[in-house]
Amino acid sequence: MTPAQFDHLRAIDAHLTKLLDIAAKRTPGEWESLGIEHSNCLRLFAGNNYLGAIGNSDAERAAIQDDAAFIASCAGNAEAGWRLIRQEIEDWFLVFDTTNHEHLDYPALNLILAAFPLELIEA
């Protein structure tokens with residue numbers, strides 16, 4: 001594990017912390033059903049959370065509604081995955097410090113580093 005990889009893991013941890021903080025504010029509990037409000041455009045809500053609006057096309061509204069329902073149904077699982085990854089990173093930092101561990105190979109952390117490239121988390 002190089003110093004750059006340690007920095008990358010810290011950035012991933014901070015990124016996931018930020019996502020979980022946002023999720024805690026926007027998704028108190030399970031996402032259940034989507035409320036749909038019709039007007040000249042379709043506005044989507046999950047509980048009291050506004051998800052966005054789309055145009056007038058019936059096909060466009062149906063596709064976005066399906067996409068939003070899928071995303072909402074995945075929210076709890078995504079949050080659980082983020083918490084698991086953060087715990088894995090935290091456990092690693094508890095065991096090892098950031099100096100002279102270039103010889104260590106920890107497959108799970110390598111997978112985490114690959115799954116969260118810096119371009120994704122610094123955007």
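Here are a few things to note about the model shown:
- Cα-projected label distance for R83 with I22, points at 7 Å along beta-carbon direction, nm: 1.9
- Working note: Karplus 6.51/-1.76/1.60 with θ = phi - 60° gives region 77-83 the couplings 5, 4, 4, 5, x, 4, 5 Hz, where Gly and Pro are set to x.
Here, each number is a calculation from the coordinates, and none is a lab measurement. These numbers were taken from a predicted model, which means no experiment stands behind them. Neighbour counts run over all protein chains shown; Cβ positions are idealised from the backbone, glycine included.
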